[in-house]
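Asks: Take this structure, written in structure tokens, and hold onto it; I'll ask about it next.
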Amino acid sequence: MSDRLFIFDTTLRDGEQVPGCQLNTVEKIQVAKALEELGVDVIEAGFPVSSPGDFNSVVEISRAVTWPTICALTRAVENDIRVAAEALQYAKRKRIHTGIGTSDYHIRYKFNSNREEILERAAACVRYAKKFVEDVQFYAEDAGRTDNEYLARVIQAVVNEGATVVNIPDTTGYCLPSEFGEKIKYLMEHVDGIHKVTIATHCHNDLGMATANTMSGVINGARQAEVTINGIGERAGNTSLEEVVMICRSHKELGIDTNINSTKIAGLSRMVSSLMNMPVQPNKAIVGRNAFAHSSGIHQDGVLKNRESYEIIDPKDVGIDENSIVLTARSGRAALKHRLHVLGVDLDKDQLDKAYESFLKLADRKKEINDDDILMLAGRHHMANHRIKLDFLQVTSGVGLRSVASVGLDIAGEKFEACASGNGPVDAAITAIKQIIHRQMLVKEFLIQAINKGSNDVGKVHMTVEYDNRPYYGFSANTDIVAASAEAFIDAINKFIR
Ligand code: KIV
Ligand code: ZN
């Protein structure tokens, strides 16, 4: 019988802190329900005191979700804790996640304080949180760079106050796996009563070691892994859920397993990627487009003879099925609705009508519509509420010619047109849009990615537009990549012109 590793998903809190990845409450509920179906133990739903939107999301997720514990983040501040407790009022299982920085960097520079004072504040925040909920998780921010002896004193103090889970974050992603494992071992050996609480890992990926550090922590006694879908998160991200889960499944000798239904991983990875406009790198372990693609002849031959010669995971175990349902122009609304439901997206009648209309248009241009296309269509309805919409776009381009674009925009019902040339069709289209929207805007990042394969495929465009010294993120997908680029630009503009 394996030891249980609890999966604490923080996609909706730490993952959502990435600039441009913010979700609205409806989208967060969609992800939370999919996380529940996946089988996570804890969903960190937000940081309620940080904004009314975050507060509301914690309330609504608490109502929408039944099995996982809902967790809300706070600083070691009484008002944060009170607000978190209020946001959690409808959760069937609730947890407050409170804590403070414990490294000398945090103590000296962030808090202008000293070790004894921080130790007292750590104990006090747990003591206060216990007045509201039984399940209190303490985090020692920057534990990765906190010396083990002091860290053990802090953890001892919060365990004495009744913390149920103690979280040891490698906030800056600095630790080596051996060092992080040692830290967990040290706590296991030096904190009285540690066996009665759960030690959690929370590793960031700044040096590409988040998963390795998490596993090293687990091997040394941690029994909760804090993770995000696709490893999203600030800077280089957090530990990715799919990697930890599949490492435990693949290395049975560890004797550790999770409650995750791994066949739901690929679908949820795509949902999070499309809702957050965050592309998954093609070579990302487990969920990248190329994770199971064997291109070299030697590999293909080996896999065909026996899959295990080159594959350590059966793609079906993570929900990747090359033969999965494809819809065509002959598929009805019910088939689309059913497929969306399987992918975790439930649209109301109006939204479904719009998605079906776009589906038929796409099916006219592309013979087979697969899950990625469907998720992309479901995401498009957010553009319907935009103040600025692309009315028409015509582009002339070719070799030896300067590209010319004419663009029509619908701005809150009024029509505007402009024409411009550029060094390529995208440049021409964007220049024409800029002639209508008179603002100082700069395209900082521009990424075009095919959803699947084939020259008739849909291209996804991610764009970062700088305006007033702030980045705004736009996304679109279209079989016409120039149109997708113009739409992504307009999507970004809609974020600062409302
Ligand atoms: O990285 C970190 O230290 C965190 C804590 C707030 C848990 O996200
Ligand atoms: Zn973090």
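The values are calculated or read from the model by the stated rules, or taken from the named source; none is laboratory data. No experiment lies behind these values; they were computed from the predicted model shown. Every residue, glycine as well, gets a Cβ built from its backbone with ideal geometry; the counts of neighbours run over all protein chains shown. All accessible areas refer to the heavy atoms of the entire protein, side chains included, with ligands and DNA or RNA removed. Shrake-Rupley method; radii C 1.70, N 1.55, O 1.52, S 1.80 Å.
Asks: Look through 181, 173, 162 and report the one residue that is within 16 Å of ligand 2 (Cβ to nearest atom) and at pLDDT 95 or above.
Replies: 173
Asks: Given the residues 430, 374, 388, 411, which is the only one that is surrounded by fewer than 18 Cβ atoms within 10 Å (Cβ to Cβ) and touching a residue at least 12 places away in the same chain (Cβ under 8 Å)?
Replies: Testing whether each residue is surrounded by fewer than 18 Cβ atoms within 10 Å (Cβ to Cβ) and touching a residue at least 12 places away in the same chain (Cβ under 8 Å) leaves just 411.
Asks: Turning to a different aspect of this structure: Looking at residue 213 and the list (1) in a strand (DSSP E or B); (2) open to solvent by less than 10 Å² (accessible area, probe 1.4 Å); (3) under 25 Å from residue 259 (Cβ atoms), which single condition is not satisfied?
Replies: (1)
Asks: For segment 233-257, how many residues meet the condition of being open to solvent by 10 Å² or more (accessible area, probe 1.4 Å) and within 12 Å of ligand 2 (Cβ to nearest atom)?
Replies: Final tally of qualifying residues: 3.
Asks: Is it true that residue 156 is under 23 Å from residue 55 (Cβ atoms), outside any strand (DSSP E or B), in contact (Cβ under 8 Å) with a residue 12 or more places away in the chain and away from ligand 1 (no atom under 16 Å from the Cβ)?
Replies: So residue 156 fails the test.
Asks: Within segment 414-427, can you find the residues that are surrounded by 16 or more Cβ atoms within 10 Å (Cβ to Cβ) and not in a strand (DSSP E or B)?
Replies: Across segment 414-427, the qualifying residues are 425, 426, 427.
Asks: Now, a different point. Going by the conditions given, is residue 203 assigned to a helix (DSSP H, G or I), within 16 Å of ligand 1 (Cβ to nearest atom) and closer than 19 Å to residue 47 by Cα?
Replies: no
Asks: Can you find a residue that is open to solvent by less than 30 Å² (accessible area, probe 1.4 Å) and away from ligand 1 (no atom under 16 Å from the Cβ) anywhere in segment 46-55?
Replies: no
Asks: Separate question: Regarding residue 58, is this residue under 18 Å from residue 229 (Cα atoms), under 18 Å from the mean Cα position of the chain (by Cα) and either assigned to a helix (DSSP H, G or I) or more than 16 Å from ligand 1 (Cβ to nearest atom) (or both)?
Replies: The answer is no for residue 58.
Asks: Next question, about the same structure. Is there any pair with a first residue in segment 171-185 that is touching a residue at least 12 places away in the same chain (Cβ under 8 Å) and open to solvent by 10 Å² or more (accessible area, probe 1.4 Å) and a second that is away from ligand 2 (no atom under 14 Å from the Cβ) and among the hydroxyl-bearing types (Ser, Thr, Tyr) whose Cβ atoms are under 8 Å apart and which are 6 or more apart or on different chains, and what are they?
Replies: Matching pairs, first to second residue: 177/216; 178/216.
Asks: Can I ask one more? I'd like to check something: does segment 96-107 contain any residue that is over 22 Å from residue 146 (Cα atoms), under 28 Å from the mean Cα position of the chain (by Cα) and not in a helix (DSSP H, G or I)?
Replies: yes
Asks: A further question on this structure: Take the residues of segment 9-36 that are of a type in the set (S, T, N, Q) and within 16 Å of ligand 1 (Cβ to nearest atom): which is nearest to the chain's Cα centre (by Cα)?
Replies: Taking the candidates together, the pick is 11.
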